Amino acid sequence: MGEPLDIVILGGGTAGWMAATALVTFLPSSRCRVRLVESEEIGIVGVGEATLPQMKNFNDAIGVNEAEMMRATKGAFKLGIEFVDWGTKGSRYIHPFGTHGTADTAHVFHHRWVRALRSGWESDIQEYSFAVQAARMRRFNFPSTDQAAIDSTFSYAYHFDASLYSVFLRGLAEQRGVIRTEGKVREIVRDPQSGDVRSLTLESGESITGDLFIDCSGFRSLLLDKTLGVAWEDWSKWLPCDRAFAVPSERGEFTPFTRSTAMEAGWRWRIPLQHRTGNGYVCSSSFIKEEDAAASLLRSLDAKPLAEPRMLRFQAGRRVVSWEKNCVAIGLASGFLEPLESTSIYLIQVAVLQLLPLLPMKRIDPRLRDEFNRLIDMEYERIRDFLILHYKLNTRDDAEIWRYCAAMEVPDSLNHKIEIFRHSGIIKRYHGLFSPPSWLSVFVGQGLVPEGYSRLADTEPEDDMIAGLDALRTTIRDKVGQMPSHDDFIADYCAPESPLAAVTEEVRP
């Protein structure tokens, strides 16, 4: 079988511990030895507290008990993201985690809706999303396992404290065989012939060698950038925000969704947790002074702040490759796309899961490296286009940033998506993040209703179709009304004092 692959992860945080936990969970110790190097003196960014539904898939795959994880991270459930004031001032819509319509009609539902609109019938497409209605009514329950049921048409994600999630994963990873080394890197040694990273020398003098190095050092990107010199691709002409101010506040309204509110120079997030609310202002320094942004954030809070705003500087973009030589960058070391759609942790997750089947033997096959870079490039570019869509598709004229974004040229790939939807309601399907319901939510939510629709929507008489839409709207509303409130569900399922928590504590040694 040969010698095991020695993998060294530089940096902890969410990226480092997600990578470490997955590696030791999916690979036997006879094939892979994992060591993680981090320093408690070096802080982590840790502003991301909202996730996407794929996070549950990752947790399930590595054997995480959901209720236990949510108690440990003060977590709550998330059915989608509410966007306020984005398309126009005063507008409001939710990007849900789920389809519109029933499971068997989701592929053609919005075409039927458009056909009905063109006949003079009026309705809000959000009334036909189970996830949206549950979010609006502040309800939550797990999706039905009956695929024909209307309450099977949604999924969910989490709000949690990202730093506590890292601590939670560290416990799992170390139990499963990850060796953690505390220390700062003093020197990175490269092989003079191949240029590969050979070892990390710590300030203590210890030298740590490896076959494959994973760079989870955050924005510093000590291996991919500072050592290997991989170039940066700047996307700030499309995503102009370059500052984030974060501040926790006392817990206010406990919504099962993230809220994103457009502001005078960017947007503001609100993420409710069990013990507090996370708040932040993502803005562009070209359109607002830093001190004004911090003050604006504090004025907008709906509960008492628990600290002073903390500022993070960033630039939207990514490294031109994520795997160079024998070094793979994951998380912020690879790139950063602002947290508008909660994609930061997803990009960590997808990099880890794409890497696993492509792990080399002791000697790296460049074809594996090229395939990894191709897959990661595709993820970044698709997410980039989806984020740009929010900025581009606005008709606001009350602030300079919105006028700039409405007028800016966008990538051809995005322009094509906008124009084909505008003309005929077509949304391209592909494997990966942001399926057609996500694009539909933003398109329609920000004011773009298609001019035409697919002929597949013409399969029944117009009156019957509209009657069916009206009945479906009532069914969704009634079914959502039977769900428990989000507050009550959390209290029963994963609050520290919940009945399940008490039972769990009793059986613990």
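The values are calculated or read from the model by the stated rules, or taken from the named source; none is laboratory data. The structure presented is a predicted model; accordingly, all values stated were derived computationally and were not measured. No Cβ is skipped: glycine too gets one built from the backbone with ideal geometry, and neighbour counts run over all protein chains shown.
Is it the case that region 321-334 has a residue that's farther than 30 Å from D191 by Cα and either touching a His at 6+ places or on another chain (Cβ under 8 Å) or not hydrophobic (A, V, I, L, M, F, W, C) (or both)? Among the residues of region 321-334, not one is farther than 30 Å from D191 by Cα and either touching a His at 6+ places or on another chain (Cβ under 8 Å) or not hydrophobic (A, V, I, L, M, F, W, C) (or both), which makes the answer no. Inspect all residues belonging to region 159-175 and state whether any of them is over 26 Å from the mean Cα position of the chain (by Cα) and in contact (Cβ under 8 Å) with a residue 60 or more places away in the chain. No, that holds for no residue. Assessment of region 169-176 against the conditions (in a loop (DSSP other than H, G, I, E, B), of a type in the set (D, E, K, R) and either surrounded by fewer than 17 Cβ atoms within 10 Å (Cβ to Cβ) or at pLDDT below 95 (or both)) yields at least one matching residue.
Please go through region 72-96 and give me each residue that is in contact with a Pro (Cβ under 8 Å, 6 or more places away or on another chain) and under 16 Å from P272 (Cβ atoms), ordered by number. Selection gives A76, F77, K78, L79, G80.
When region 269-300 is filtered for residues that are among the hydrophobic types (A, V, I, L, M, F, W, C) and either in a helix (DSSP H, G or I) or under 24 Å from the mean Cα position of the chain (by Cα) (or both), the ones remaining, listed by number, are W269, I271, L273, V282, C283, A293, A294, A295, L297, L298.
All of R369, R384, R455 fail the test of being outside the structural domain of Q126 (by TED's automatic domain parsing), over 19 Å from the mean Cα position of the chain (by Cα) and not aliphatic (A, V, I, L, M), apart from R369.
Scanning region 428-450 for residues that are modelled with pLDDT under 95, in a loop (DSSP other than H, G, I, E, B) and closer than 22 Å to R92 by Cα yields a count of 2.
Applying the set (1) surrounded by fewer than 20 Cβ atoms within 10 Å (Cβ to Cβ); (2) assigned to a helix (DSSP H, G or I); (3) out of contact with any Pro (no Cβ under 9 Å at 6 or more places or on another chain); (4) not charged (D, E, K, R) to A303 leaves exactly one unmet item: (2). Of the residues in region 404-411, not one is surrounded by 22 or more Cβ atoms within 10 Å (Cβ to Cβ), touching a helix residue (DSSP H, G or I) at 6+ places or on another chain (Cβ under 8 Å) and assigned to a helix (DSSP H, G or I).
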